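Taken together, the values in this text are just the output of simple stated rules run on the coordinates, not laboratory data. Not measured: the values here are computed from a predicted model. Note that we place each Cβ from the backbone using ideal geometry, even for glycine, and neighbour counts take in every protein chain shown.
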Amino acid sequence: MIKYLLCILALVAYLTASAQVKVVHFNAGWNSSNNVAWVDNLKDCKIKKIDIVEDKKAQKKYSISVVPTLIIFNGSVEIKRFEADISFSIKAKQEEIQEVINELLINKF
């Protein structure tokens, strides 16, 4: 019985930790050909997509000067930012961003 309770508590702690990690994908409609196609494949985090043409407040709030931009948040704290280069595409790989997410989750335990 205690094993089951510990498993349930561990699962709740894990789900709570992963819910706090969020990746926000900023882009603009005119640059949709450079969307980060694999962003929805990231695991153990929430994904949010923002079009800065439609949401100028978010563009200003997060100081988005180039699109696409990916920002990893832990709660409301920005942890890491990945911005496009002069070709308006992100060179970071999915594995690199997933590593940051995994590290955040491991450090919560």
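With Cβ to Cβ distances under 9 Å as the rule, what net charge do the other residues near Ile101 carry (K, R +1; D, E -1)?
-2
Charged neighbours of Glu54, selected by a Cβ distance under 15 Å, balance to +4 (K, R count +1; D, E count -1). Calculated from the alpha-carbon coordinates, the stretch 32-82 shows an Rg and a Dmax of 11.2, 29 Å respectively.
For Lys91, a cut-off of 16 angstrom between C-alpha atoms picks up these lysines, skipping any fewer than 8 places away in its own chain: Lys80. Note on Ala37 and Asn102: the model spin-label points, each 7 Å out from Cα along the C-beta direction, lie 2.3 nm apart. Per-residue 3J(HN,Hα) values for the stretch 32-43, derived from phi via the Karplus relation 6.51 cos²θ - 1.76 cosθ + 1.60 with θ = phi - 60°, read 4, 5, 10, 4, 7, 4, 8, 4, 6, 8, 5, 10 Hz in sequence order (x marks Gly and Pro).
Taking amide H atoms as placed 1.01 Å from N in the peptide plane, the amide H of Ile50 lies under 5 Å from those of His25, Phe26, Asn27, each 5 or more residues away in sequence or on another chain.
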